[in-house]
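Here is the structure we will look at.
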């Protein structure tokens, strides 16, 4: 057989093979999208434990929320001033700093409701956890759902070395009423807890293979952005507690990811309070005990939300 005939034979064979493969592909398409999605889901299920903490009956829609920091009325300031066994400082009718005259022997973790007689509108807050560095218990405000790590809607309760309640800081949000030409946000479709978890798993720097979801995944709100009029846009947000120590937050509408730490949040509040007292400040301050002087105020501010870690100094003077 001549070489030219051999080449022709090979060309015909490959042409027939190509036609066969094309026919097979057209009549048996592969669903690559399905394969990819299936692999991603299995990847999460095989590498993250505690998936029983993901709710199976979570809402499919939720609306964003407009809120603003509440300004206390004169009547409310009077009520705050009448609370027993404490001296309160009210800054710009928005921020309460309070010190108990006699420490309260209350176990905050086991019986937080016992604080209700001593803290104004205590029922609007939900216990979150404790910052060990400053001996401070954190309560998030609720507007239907908890509002995570928001300096304008939080209650911080500080205890001494005997676990007695000595001081607290309080701010509170309220729903912002829409203007005449505005309407409250409409409900939008939100991600499922599993979709939110997948976003955390496949994004570098968040959760990793072998991690465990250690508490029930909860839906709350987190500040998306401030508005020019001082209001806040609070977005529906999934909270994930991982390995009993890390807190991750996933915007349920847009998928933005964030992580927060209790100690950093306490220091943010400490810094905000200090800003009220900088030189040249025009802060409006009301103190319920007229006998307090500047020295009393300075000592109180120094001890408020103070980190015990920062106070630990070695005998040689090196921290």
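All of the numbers you see were taken from the coordinates with simple rules; none came from a lab. No experiment lies behind these values; they were computed from the predicted model shown. Because the Cβ atoms are built from the backbone with ideal geometry, glycine has one as well, and the counts that use them run over all protein chains shown.
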Estimated FRET transfer efficiency when R0 is 35 angstrom, pair residue 296-residue 117 (beta carbons, to 0.05): 0.90
What list do you get for 284, 175, 99 if you sort them by fewest beta carbons within 10 Å? 284, 175, 99
Residue 246 and residue 63 label points (each 7 Å along its Cα→Cβ direction) are spaced in nm at 3.6
Would you mind classifying the stretch 129-222 by shape? Square roots of the alpha carbon gyration tensor eigenvalues, ordered a ≥ b ≥ c; an a/c under 1.5 is rounded, otherwise it is prolate if a/b is larger than b/c and oblate if not. oblate
Determine, for 68, 144, 290, the number of other Cβ atoms within 10 Å of each Cβ, and report the residues in order from fewest to most. 290, 144, 68
Using a Förster distance of 51 angstrom, determine the FRET efficiency expected from the C-beta separation of residue 46 and residue 130, and round it to 0.05. 0.90
Simple spin-label estimate for residue 272/residue 189, 7 Å along Cα→Cβ, in nm, reads 3.5
Once the Cα gyration tensor of the stretch 85-189 is found, what semi-axes does its equivalent ellipsoid get, as square roots of 5 times the eigenvalues, in whole Å, sorted largest first? 30, 16, 11
